[in-house]
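S.K.: Pasting a structure below so you can have a look.
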Amino acid sequence: MDPLVIEHVAKTFAQTVAVRDVSFRVGAGEIFALLGPNGAGKTTTIRMALDIFQPDQGTIHLFGAPPGNQVRDRIGYLPEERGLYRNLNLVECLVYLAELKGLAPSTARHRLTGWLERFDLAAHSHKRINDLSRGMQQKAQFIAALIHEPDLLIVDEPFAALDPVNTRLIKDILREWAAQGRTVIMSTHQMHLVEELAERMVMINRGEVVLYGTVAAVRQQFAANALVIHGQGQLGPLPGVAAVDAQREPGSYLLRLEDDVAPQQVLRALVAQSAYTIERFAVALPTLDEIFVRVVAGEQPQEVLA
C-alpha cells in the first residue's frame, strides 16, 4: 500500500488558485522529491496531506485512509517555518513535542539520549531554544520530526542552515529511514541533493504537475541531442556532429549532434577512428537545476539545449 496517494486535488483561497488537479503517489521505502518554485503550491499540497487544509476537490489517502487523527501519529513533519518553543530548554521542548505525537515522557527522554548524541547536541540539552544557533535549532527540529519514529517523514528544506558535516548527517539519516522501509518526502531547492538522494520526483508549477517520474527519466526527457565522450588521442571529423566543444578534462569533448542523428551512429564512427581511443561515452544529461529553470520558464521536455 502506498503511504501517500493524491488524486486530482485542487485548492483555492479567495480568488487565488493554489493547487489545480494535482495527482501523484509516493511508495513505501522511497525518498521522493516534491519540487517547484516559491508559490507553486507545494506547501499547500503538503498541508492538505496533513489535514491542515481541506481540498476543494479530489482525494488524498494516507496509508489507505483519509487524512485525520487515525494516521497523524504515523507522520513526521519538518516545516520550512520552524516551530520550536523558544523559551523552553532543548530537552523540555523536544519531550513536549514528542508527547503531542503520543510518546510517554519517559520513552521520549530515553530516545532523546541517542538523538542528541548523534546530532552533537547533548552538551546543549539544557540551553533554551532561543540561545541555540540557527543550525542547532534546525537539528533540534529534525529530531522533533523523527523521535516518534514515523512511517512517513515529510521534510521541507531539511538542509537549510546546515554546514557540510551536518548536511551529510541528515543525508545519512534520510537514507537509513528509507532503508528501513519508511518513506521520505523531501522538498528542497538544492537540486544536486535531489539527484543524489531521490529516485522519483514530482514538480509543481503554478499549481499544476509539470513533471512526474523517476529523476533519471526526467533528466533523459530534457536531454539535448548531444554526447559527452572521453578518450585518448586525436579526435577526427565525425559525420552527423554539428559542433565539438572541448571540456576541461583533457581528452573529453561535448559533441552536439545534427538533427535526427542517433548516438549509436556517432559511436560507430568513433570506434572506427584509429587515432582516437574512446574510454567513456554517454548522452549529455542536464542537471535538475537546469531543468528547473527551463520548466519554470515554460519549456517542455524533448527540447534541445541551446
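The values are calculated or read from the model by the stated rules, or taken from the named source; none is laboratory data. Predicted, not measured: the structure shown is a model, and the values here were computed from it. Note that we place each Cβ from the backbone using ideal geometry, even for glycine, and neighbour counts take in every protein chain shown.
S.K.: Just need a number here: residues in the stretch 233-261 that are more than 32 Å from the chain's Cα centre (by Cα), among the acidic types (Asp, Glu) and over 19 Å from Ala223 (Cα atoms).
M.R.: 0
S.K.: Restricting attention to the stretch 33-57, which residues are over 23 Å from Arg294 (Cβ atoms) and either touching a His at 6+ places or on another chain (Cβ under 6 Å) or part of a strand (DSSP E or B) (or both)?
M.R.: If the condition is that a residue be over 23 Å from Arg294 (Cβ atoms) and either touching a His at 6+ places or on another chain (Cβ under 6 Å) or part of a strand (DSSP E or B) (or both), then Gln57 is the only one that fits.
S.K.: Go through (1) crowded, with 20+ Cβ neighbours inside 10 Å; (2) closer than 30 Å to Phe63 by Cα for Leu121 and report which single condition fails.
M.R.: Leu121 satisfies all of (1) crowded, with 20+ Cβ neighbours inside 10 Å; (2) closer than 30 Å to Phe63 by Cα except (2).
S.K.: Among (1) out of contact with any helix residue (DSSP H, G or I) (no Cβ under 7 Å at 6 or more places or on another chain); (2) modelled with pLDDT of 90 or more; (3) part of a strand (DSSP E or B), where does Asp245 come up short?
M.R.: Here Asp245 meets the rest and fails (2).
S.K.: Might you check whether a residue that is part of a helix (DSSP H, G or I), surrounded by fewer than 18 Cβ atoms within 10 Å (Cβ to Cβ) and over 14 Å from the mean Cα position of the chain (by Cα) occurs anywhere in the stretch 180-196?
M.R.: no
S.K.: Might you let me know whether the stretch 162-170 holds any residue that is in contact with a Pro (Cβ under 7 Å, 6 or more places away or on another chain) and either within 20 Å of Ala33 (Cα to Cα) or in the same structural domain as Ala104 (by TED's automatic domain parsing) (or both)?
M.R.: Within the stretch 162-170 (the criterion being in contact with a Pro (Cβ under 7 Å, 6 or more places away or on another chain) and either within 20 Å of Ala33 (Cα to Cα) or in the same structural domain as Ala104 (by TED's automatic domain parsing) (or both)), the answer is yes, since at least one residue qualifies.
S.K.: Residue under question is Val218, and the condition is that it be crowded, with 16+ Cβ neighbours inside 10 Å, hydrophobic (A, V, I, L, M, F, W, C) and over 30 Å from Thr188 (Cβ atoms); does it hold?
M.R.: In short, no.
S.K.: For the stretch 100-112, what are the residues that are within 29 Å of the chain's Cα centre (by Cα) and in a helix (DSSP H, G or I)?
M.R.: Hits for the stretch 100-112 are Leu100, Ala108, Arg111, Leu112.
S.K.: Follow-up. With the requirement that a residue be in a strand (DSSP E or B), out of contact with any Lys or Arg (no Cβ under 9 Å at 6 or more places or on another chain) and under 30 Å from Arg168 (Cβ atoms), what does the stretch 197-232 give you?
M.R.: Within the stretch 197-232, Arg200, Met201, Val202, Met203, Leu211 qualify.
S.K.: Do you know which residues across the stretch 266-292 are aliphatic (A, V, I, L, M) and under 17 Å from Tyr253 (Cβ atoms)?
M.R.: Of everything in the stretch 266-292, those that are aliphatic (A, V, I, L, M) and under 17 Å from Tyr253 (Cβ atoms) turn out to be Val266, Leu267, Ala269, Leu270, Val271, Ala272, Ala275, Ile278, Ala282, Val283, Ala284, Leu285.
S.K.: When the stretch 21-32 is examined, which residues are found to be in a strand (DSSP E or B) and either surrounded by fewer than 18 Cβ atoms within 10 Å (Cβ to Cβ) or modelled with pLDDT under 95 (or both)?
M.R.: Of everything in the stretch 21-32, those that are in a strand (DSSP E or B) and either surrounded by fewer than 18 Cβ atoms within 10 Å (Cβ to Cβ) or modelled with pLDDT under 95 (or both) turn out to be Asp21, Ser23, Arg25.
S.K.: From the residues in the stretch 7-20 that are hydrophobic (A, V, I, L, M, F, W, C) and within 25 Å of Arg294 (Cβ to Cβ), which one is surrounded by the fewest Cβ atoms within 10 Å (Cβ to Cβ)?
M.R.: The residue in question is Val17.
S.K.: Sticking with this one: Quick test for you: out of Phe119, Phe142, pick the one residue that is over 21 Å from Glu30 (Cβ atoms) and out of contact with any Cys (no Cβ under 6 Å at 6 or more places or on another chain).
M.R.: Phe119
S.K.: Would a scan of the stretch 116-136 turn up a residue that is in the same structural domain as Gly76 (by TED's automatic domain parsing), within 21 Å of Leu193 (Cβ to Cβ), in contact with a Ser or Thr (Cβ under 9 Å, 6 or more places away or on another chain) and in a loop (DSSP other than H, G, I, E, B)?
M.R.: no
S.K.: Given the criteria in contact with a Ser or Thr (Cβ under 9 Å, 6 or more places away or on another chain), surrounded by fewer than 19 Cβ atoms within 10 Å (Cβ to Cβ) and modelled with pLDDT under 90, does Ala224 qualify?
M.R.: Answer is no for this residue.
S.K.: Just checking, which of Val71, Val95 is of a type in the set (Val, Ile, Thr), assigned by TED's automatic domain parsing to the domain that holds Glu157, modelled with pLDDT under 95 and on the phi < 0 side of the Ramachandran plot?
M.R.: After applying the criteria, what remains is Val71.
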